[in-house]
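Undergrad: Pasting a structure below so you can have a look.
The values are calculated or read from the model by the stated rules, or taken from the named source; none is laboratory data. Keep in mind that this is a model prediction, so the values were computed, not measured. Neighbour counts are summed over all protein chains in view; Cβ atoms, including those assigned to glycine, are modelled from backbone coordinates with ideal geometry. We work out accessible area using only protein heavy atoms, side chains counted, and drop any ligands, DNA or RNA first. Shrake-Rupley method; radii C 1.70, N 1.55, O 1.52, S 1.80 Å.
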Amino acid sequence: MALKDILPGRIGFGAAPLGNMYRDIPQEEALATVEAAWNDGIRYYDNAPFYGAGLAEIRMGEALSGKPRDEYVISTKVGRVILDEVEERSDREPGEKVGLFGHGRPNKVVQDYGHDATLRSIEGSLKRLRTDHIEIAFVHDLAQDFWGDIWLEKFEEARKGAFRALDRLRDEGVIKAWGLGVNRVEPIELVLELDEPKPDAFLLAGRYTLLDHDRALQRLMPMVAERGLGVVAGGPYSSGALVGGPNFEYAPIKPDMKTRIDRIKAIADRHGVSMKAAGLQFSLANPAVAAVIPGASQPSRIAEDGAALRETVPAEFWRELRSEGLVNPQAPLPA
């Protein structure tokens, strides 16, 4: 099934902040944020066991427990199994980027892309999300940014295990679609070149944004479009860098990127365009992108995202970005 036929809209809710990403978010604030998303008409919710060792899924499950299940779509991820056992955070395995969820649950996280672990991962997610099914399963973080030089070994582990398990679950109707949820284009390109199994959709975080899209344009987006598949664009604000935050790619912004952002901001100000509108609408202009999923941890951010999606952005703004070399000349632009 095509991704655009599964998703109920072009904007979704990225749940990573609900796992206490970077800060200890009060429970009431987390639940109110999901409620604000629902009230704003958002019906697609993306999650992962990794987000706070199950905390984001638990919170989302509570927030959505009273909503009609046939009115919303959930995607979650496999590759990590969350245990009841607790552990010291310093004991966590390589590839965990512990600092991202330092305020999450202390539960032990087992990294495993095998067949049986994939089934256990989904079983655990269903319990935490308080649902009997999910629509989309993404194999999580199967890329060099998490695994370094051994990422191809992990990919092979997933090819023999997780991919086949998810292929079977889709064929049996347990899930509607599966694919990769990664921060790099290489693993998606690699899986698209396999004869089997056949994924349906991808979550690409941070690699098709206004600030970083050159690599994805070269091969990935055409490959996805040619096969009639779809991409969910995660991290459209580039870790917050595009909208005034201090980080890009989970690290302090470097001077050259800061200069790029300042140049875009100056053009946006001249045309009366918000940076959120520029970011969301740029990502959605590519025909391979089915939806964007900005993350939010405060109810007020939800309203901002919705307004940015609906904002009228003049064509002159996009033309000036292109003439100033701030977007790739091959990138599709809105309007």
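Undergrad: Considering only TYR113, THR76, ILE58, whose Cα is most displaced toward the positive end of the charge dipole of the range 1-148, charges sitting on Cβ of Lys, Arg (+1) and Asp, Glu (-1)?
TA: Comparing the listed Cα positions along the dipole, THR76 ranks first.
Undergrad: Check ALA296: other-chain or 5+ apart residues with amide H under 5 Å from its amide H, H built from backbone geometry?
TA: GLY14
Undergrad: Can I ask one more? Along the charge dipole of the chain, which of LEU3, LEU333, PRO26 sits closest to the positive end, that is, farthest toward it, with unit charges on the beta carbon of Lys, Arg, Asp and Glu (+1, +1, -1, -1)?
TA: Looking along the dipole axis, the top candidate is LEU333.
Undergrad: Ignoring everything except DSSP H segments at least 4 long, calculate the 222 nm mean residue ellipticity for the chain; use -39,500 (n - 2.57) per segment, divide by total residues, nearest 500.
TA: After summing the helix terms and dividing by the residues of the chain, the value is -11000 deg cm²/dmol.
Undergrad: Could you work out the Kirkwood radius for the chain, taking every pair of different alpha carbons, averaging 1/r and inverting it, reported in Å?
TA: For the chain, the Kirkwood estimate is 20.0 Å.
Undergrad: Another question, if that's okay. Calculate how steeply helix 162-171 sits against the longest principal axis of the alpha-carbon atoms of the chain, using the helix alpha-carbon long axis, and give the answer as 0 to 90 degrees to the nearest 10.
TA: Approximately 90 degrees, to the nearest ten.
Undergrad: How many lysine pairs in the range 118-227, separated by 8 or more positions in sequence or lying on different chains, have Cα atoms less than 21 Å apart?
TA: Lysine pair count for the range 118-227: 5.
Undergrad: Taking the Cα centre of the range 165-228 as origin, work out the dipole magnitude from +1 charges on Lys and Arg Cβ and -1 charges on Asp and Glu Cβ, in debye rounded to 20.
TA: Details: 9 positive and 12 negative charges, 43 e Å.
Using only the charged Cβ atoms, the result is roughly 200 debye.
Undergrad: Checking the a/c ratio against 1.5 first, then a/b against b/c, what shape does the Cα gyration tensor give for the range 221-335?
TA: Note, shape of the range 221-335 comes out rounded.
Undergrad: Can I ask one more? Return one number: the angle in degrees, 0 to 90 and rounded to the nearest 10, between the long axis of the Cα atoms of helix 275-284 and the longest principal axis of the Cα atoms of the chain.
TA: With both axes taken from Cα atoms, the answer is about 70 degrees.
Undergrad: Run through all the Cα pairs of the range 279-323 and give the fraction in each 10 Å bin from 0, expressed as whole percent.
TA: Going out from 0 Å in 10 Å bins, the range 279-323 shows 23, 47, 28, 3 percent.
Undergrad: Something else: By its C-alpha gyration tensor, with a ≥ b ≥ c as the square roots of the eigenvalues, how is the range 84-230 shaped: rounded for a/c under 1.5, else prolate for a/b larger than b/c, else oblate?
TA: oblate
Undergrad: Next up: For the range 1-71, with every protein chain kept in place, what is the accessible area per residue (1.4 Å probe, Å²)?
TA: Dividing the accessible area of the range 1-71 by its residue count gives 37 Å².
Undergrad: Counting Lys +1, Arg +1, Asp -1, Glu -1, what net charge surrounds TRP178 among other residues with beta carbon under 11 Å of its beta carbon?
TA: Numbers: positive: LYS77, ARG164, ARG168, ARG170, LYS176, LYS198; negative: GLU135, ASP167, ASP171, ASP200.
Neighbourhood net charge equals +2.
Undergrad: Going by alpha carbons, how many degrees (0 to 90, nearest 10) lie between the helix axis of 115-129 and the longest principal axis of the chain?
TA: The helix 115-129 is inclined about 70 degrees to the chain.
Undergrad: Give me the percent of accessible area attributable to carbon and sulfur for the chain, probe 1.4 angstrom.
TA: Of the solvent-accessible surface of the chain, carbon and sulfur hold 50 percent.
Undergrad: Kindly work out what percent of the DSSP beta bridges joining two residues of the range 160-312 are antiparallel, to the nearest 5.
TA: Of all bridge pairs located within the range 160-312, approximately 15 percent are antiparallel.
Undergrad: Quote the charge dipole size of the chain about the Cα centre in Debye, to the nearest 20; the model charges only the Cβ of Lys and Arg (+1) and of Asp and Glu (-1).
TA: Details: 42 positive and 51 negative charges, 135 e Å.
In total the dipole reaches around 640 debye.
Undergrad: Quick one: of the DSSP bridges fully inside the chain, what percent are antiparallel, nearest 5? Working shown, then result.
TA: On the way: 6 of 35 bridges.
Taking every DSSP beta bridge within the chain, about 15 percent pair in antiparallel fashion.
Undergrad: In percent, how large is the relative contact order of the chain, given Cα pairs closer than 8 Å and 6 or more residues apart?
TA: 19 percent
Undergrad: Sort 29-36, 205-212, 2-9 for me by packing, meaning the mean count of neighbouring Cβ atoms within 10 Å per residue, highest on top. Let's see the in-between values first.
TA: Details: 29-36: 19.5, 205-212: 23.4, 2-9: 16.1.
In descending order of packing, they fall as 205-212, 29-36, 2-9.
Undergrad: If you don't mind, there's one more thing I want to ask. Ignoring ligands, DNA and RNA, what accessible area per residue does the range 138-263 give at 1.4 Å, in Å²?
TA: Numbers: 5230 Å² over 126 residues.
Per residue, the range 138-263 has 42 Å² of solvent-accessible surface.
Undergrad: Treating only the Cβ atoms of Lys and Arg (+1) and Asp and Glu (-1) as charged, compute the dipole magnitude of the range 252-335 about its Cα centre; round to the nearest 20 debye.
TA: Computed charge dipole of the range 252-335: roughly 140 debye.
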